[in-house]
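Step one of this worksheet: look at the structure below.
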Amino acid sequence: MKPVPGHAACRWNRTTHRKRLRRWPPGRAHPWQLTLIVFAVLAPLPPAVNYSALVDGARLGYGAIIGATTAVVALPLALHRHRSAFEAAATLGGVALTVWILYTWLAGTWTFALSVPLMWAAASADPRRLPILALLLLMAGTLLAGAVVAWPGFWWRL
């Protein structure tokens, strides 16, 4: 009797692994891509809150700028049901965010500078297309987001 693929008795091989990766619906963004976008949204918020202590954090202007920037980063999450729209929003959102960061640098949007590579990584991290590259991008994005949030004395506490 042959073992059923996906069963514990079935030996791991590249074919069954790729079939497991393809179980996610093909027209939607993969959970790895969504994870990288969530990292891009959440990672800059602790430095932004810390920077608000240096500037007058109670001002309406600073909160509005940070809120608008967070909305631009979170836009691909609204388009997760259509993979092509998700990837386009992540790529173009990263380009727009780069220009926005350069324009409003002194207002504190420099804390979102590390969201740009995370957004571009999310656009390319589809394991149904390139499984090895997607895994590398997910690991690199996780390390980057973890370093920004957890490493004490990182770049925003100068």
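How large is the convex hull of the Cα atoms of the stretch 28-110 per residue, expressed in Å³ as a whole number?
On the way: hull volume 6.2 nm³, N = 83.
Enclosed volume per residue, from the Cα hull, is 75 Å³.
Given a 1.4 angstrom probe, what's the average accessible area per residue across the stretch 64-125, in square angstrom? Mind showing how you got there, number by number?
Working: 2860 Å² over 62 residues.
Using a 1.4 Å probe on heavy atoms only, each residue of the stretch 64-125 averages 46 Å².
Whole-Hz Karplus ³J(HN,Hα) for the stretch 66-75, in order, using 6.51 cos²θ - 1.76 cosθ + 1.60 and θ = phi - 60°, x for Gly and Pro?
Calculated HN-Hα couplings, in order: 5, x, 5, 5, 5, 5, 5, 5, 7, 4 Hz.
Taking the highest mean first, how do the peptides 97-105, 70-78, 38-46 order by number of other beta carbon atoms within 10 angstrom per residue?
Values: 97-105: 14.3, 70-78: 18.1, 38-46: 21.0.
For the peptides 97-105, 70-78, 38-46, the packing ranking is 38-46, 70-78, 97-105.
At a 1.4 Å probe, what is the % contribution of carbon and sulfur to the accessible area of the stretch 35-139?
Working: 3980 of 5190 Å².
Solvent-exposed carbon and sulfur of the stretch 35-139 make up 77 percent of the total.
Order HIS82, HIS30 by their accessible area, 1.4 angstrom probe, all chains in place, largest first.
Order by accessible area, largest first: HIS82, HIS30.
The values are calculated or read from the model by the stated rules, or taken from the named source; none is laboratory data. A quick note: this is a predicted structure, and the numbers were derived from the prediction, not measured. Note that each Cβ is placed from the backbone with ideal geometry, even for glycine, and that neighbours are counted across all protein chains shown. Remember, those area values only see protein heavy atoms, side chains included, never the ligands or the DNA or RNA. Shrake-Rupley method; radii C 1.70, N 1.55, O 1.52, S 1.80 Å.
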